[in-house]
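Heads up: the structure comes next, in structure tokens.
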Amino acid sequence: MVCLFGAAVWGNGLTSCLTVSSPFHMERIMVLARLDGLQAFTSPPAETHVSLSVPQRTRATAREELALFKDLLVFAVSPD
């Protein structure tokens, strides 16, 4: 995600971008953008199907934390 995200923005000479996604993805998107040297602005929807249920919210939050850990690990060991 980091390389594709950055390549799409840097390939056009941009240094910032607007990201629109579920609120549960926003922290990870911001971290990955920062690692790629981009300034990301976010625009999550006010409410999603995940935000309505406590069990779904808990699962989504745990999944995002694990995904962020995985992305940081991949970023740390990638040759680029």
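The values are calculated or read from the model by the stated rules, or taken from the named source; none is laboratory data. Since this is a predicted model, take the numbers as computed values, not measurements. So basically every Cβ, Gly included, is an ideal-geometry build from the backbone, and we count neighbours across all protein chains shown.
Scan the stretch 22-71 for residues that are among the aliphatic types (A, V, I, L, M) and at pLDDT below 80 and jot them down. Before you say what the answer is, go through the steps one by one.
Step one: of the stretch 22-71, the residues among the aliphatic types (A, V, I, L, M) are 26, 29-33, 35, 38, 40, 46, 50, 52, 54, 60, 62, 66-68.
Across the stretch 22-71, the qualifying residues are ALA46, VAL50, LEU52.
Taking the condition of being surrounded by fewer than 16 Cβ atoms within 10 Å (Cβ to Cβ) and either assigned to a helix (DSSP H, G or I) or under 11 Å from the mean Cα position of the chain (by Cα) (or both), how many residues in the stretch 20-40 meet it? Explain how you work it out, then say what you get.
Start the filter on the stretch 20-40 by keeping residues that are surrounded by fewer than 16 Cβ atoms within 10 Å (Cβ to Cβ), which leaves 20-22, 27, 34-35, 37, 39.
From what is left, the residues that are either assigned to a helix (DSSP H, G or I) or under 11 Å from the mean Cα position of the chain (by Cα) (or both) are 20-22, 27, 34-35.
Number of matching residues: 6.
Name the pairs whose Cβ atoms lie under 7 Å apart, with the first residue in the stretch 47-65 and exposed (fewer than 11 other Cβ atoms within 10 Å of the Cβ), the second modelled with pLDDT of 85 or more and among the aromatic types (Phe, Trp, Tyr), and 6 or more positions between them or separate chains?
Going by the 7 Å Cβ cut-off, there are no qualifying pairs.
Quickly run through the stretch 41-79 and pick out the residues that are assigned to a helix (DSSP H, G or I) and β-branched (Val, Ile, Thr). Working first, answer last.
Taking the stretch 41-79 as the starting set, the residues that turn out to be assigned to a helix (DSSP H, G or I) are 50-52, 54-77.
Listed by number, the residues that qualify are VAL50, VAL54, THR58, THR61, VAL74, VAL77.
Can you tell me which of (1) in contact with a strand residue (DSSP E or B) (Cβ under 9 Å, 6 or more places away or on another chain); (2) touching a residue at least 24 places away in the same chain (Cβ under 8 Å) is the one PHE24 doesn't meet?
All conditions pass for PHE24, except number (1).
Scan the stretch 1-19 for residues that are modelled with pLDDT under 70, surrounded by 10 or more Cβ atoms within 10 Å (Cβ to Cβ) and small (Gly, Ala, Ser) and jot them down.
The answer is GLY6, ALA7, ALA8.
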